[in-house]
1. Nearest 10 degrees, 0 to 90: what angle lies between the long axis of helix 271-280 and the longest principal axis of the chain (Cα atoms)?
2. Taking the chain as a Gaussian network, where each spring joins two C-alpha atoms under 10 Å apart, which residue of CYS154, CYS192, CYS212 fluctuates the most?
3. Tell me the relative contact order for the chain as a rounded percent, counting alpha carbon contacts under 8 Å between residues six or more apart.
4. Find the eigenvalues of the gyration tensor of the Cα atoms of segment 151-217, then list the square roots of 5 times those eigenvalues as equivalent ellipsoid semi-axes, largest first, in whole angstrom.
5. When only alpha-carbon atoms count, how far does the chain stretch along each of its three principal axes, as whole angstroms with the largest first?
6. Quick check on the chain: of the DSSP beta bridges with both residues there, what percent are antiparallel, nearest 5%?
7. So which aspartates and glutamates can LYS246 reach, going by Cα to Cα under 16 Å and dropping same-chain residues fewer than 8 places off?
8. Cross-link list LYS279/LYS353; LYS235/LYS279; LYS94/LYS181; LYS273/LYS377; LYS302/LYS360: which exceed 21 angstrom alpha carbon to alpha carbon?
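Readers should treat all values here as calculations from the given coordinates under stated rules, not as data from a laboratory. The shown structure was predicted, so the numbers you read here are calculated from the model rather than taken from an experiment.
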Amino acid sequence: MIVCYIAAICPKIYFEKFEGEVSVAAYQFNRLLAQGLASVENVQVKCPVPISLLKRMEINELGKNIEEEGINYILYDNKTIEAGYWGFFSETMKNIKQWIRQDKVVVVTDALGIVADIVSTMAHLIYGIETVGIVTDLPQYVGNPQKITEKARCFINLFFMRRFQKYVLLTESMSEWVNKKNKYQCIVEGICDWNSLQENTEEISKYDNKVCMYAGSLHREYGIDMLIQGFLKAKVENSELHIYGKGNYAEEIENICRQYNNVVFYGQYAHDKILEEEKKVTLLVNPRPTNEEYTKYSFPSKTLEYMASGTPVLMTRLPGMPRDYEEYVYLFQNETIDGYAQTLREVLESKDKMMETGEKARKFILSTRNNRVQAKKIIDELKIY
């Protein structure tokens, strides 16, 4: 079987050149899933690299294929790039036509990409092949929904998003918007790297102080301000809060750091560096509030990334979080500044138990949510044979 995987992914060596310009979370999810599918027996994964990424890559390999981690990346030539979206559409349709002469073809698509959705829709209409939509977010929660252009994009995106034959959704609630006809669907709230199973966490040196860490988007609505205020109110001895990321709350964080030397802002770091830091700190925190409507339709990718590090995780009880996670993470019981402060004190003062909880979480997430397990789950539950 040939899987034509259409998403904003490219060979890792080139992605690192413009990591700050595209969503790391979306890239990681799609790359790991494509890699997981490639590990399944008798499955080939071919990934036409989108025009938007090809324009940024500045490489000499255009017009060639690159094999990496089991994925066959197709790099269209300059002529196709100059033709823009039409060039990508026409070349990908030609490739699909050629592949169906060799084997069964399934098109798997990051459903937030409108051009990719159109390719999938036409591939089904013309060739009758199965299409699977990967829905990691709903269009109405991406960008600024108040703008007329964004409203139009959202409408078009949802129109095509509802035309896949099968779905992979982050949460069950997403089906209310996307899968109203109750087609085959599979819930995959996140993916971690199977290769991480081979890492030895015992060799990692931890910081001497009790270091809490947050890495992600720095927007007030994600709870970062509540976390900072709760941390400062907790007044845990020899504790620090390290913050990584960018967003509209960054300037305020810089002001806070000038007043308190135990709050440290590092800005945006390369993803590999973030992964290293996550293993060295005492506690990883995700303070995302649960009272917003969008939380039903999302599950932060950092949750799995945090758990895979072996460092204990403290988070809110998000609506989209599967129940089997709860015994492996610490949960805020009260989403107020006082509640955050109290939970931070309780968790940071139980250091021996924390390390045990972190290691259990790591084993759980890497054995049950790695990309090979999740890829096999998708193939089995969606009956893609």
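1. 30
2. Greatest mean-square fluctuation among the candidates belongs to CYS154.
3. Reported as a whole number, the value is 16 percent.
4. On the way: eigenvalues 307, 61, 21 Å².
Taking √(5λ) for each Cα gyration eigenvalue gives 39, 17, 10 Å.
5. 66, 46, 45
6. Details: 4 of 47 bridges.
The answer is about 10 percent antiparallel.
7. GLU19, GLU21, GLU221, ASP225, GLU254
8. LYS235/LYS279; LYS94/LYS181; LYS273/LYS377
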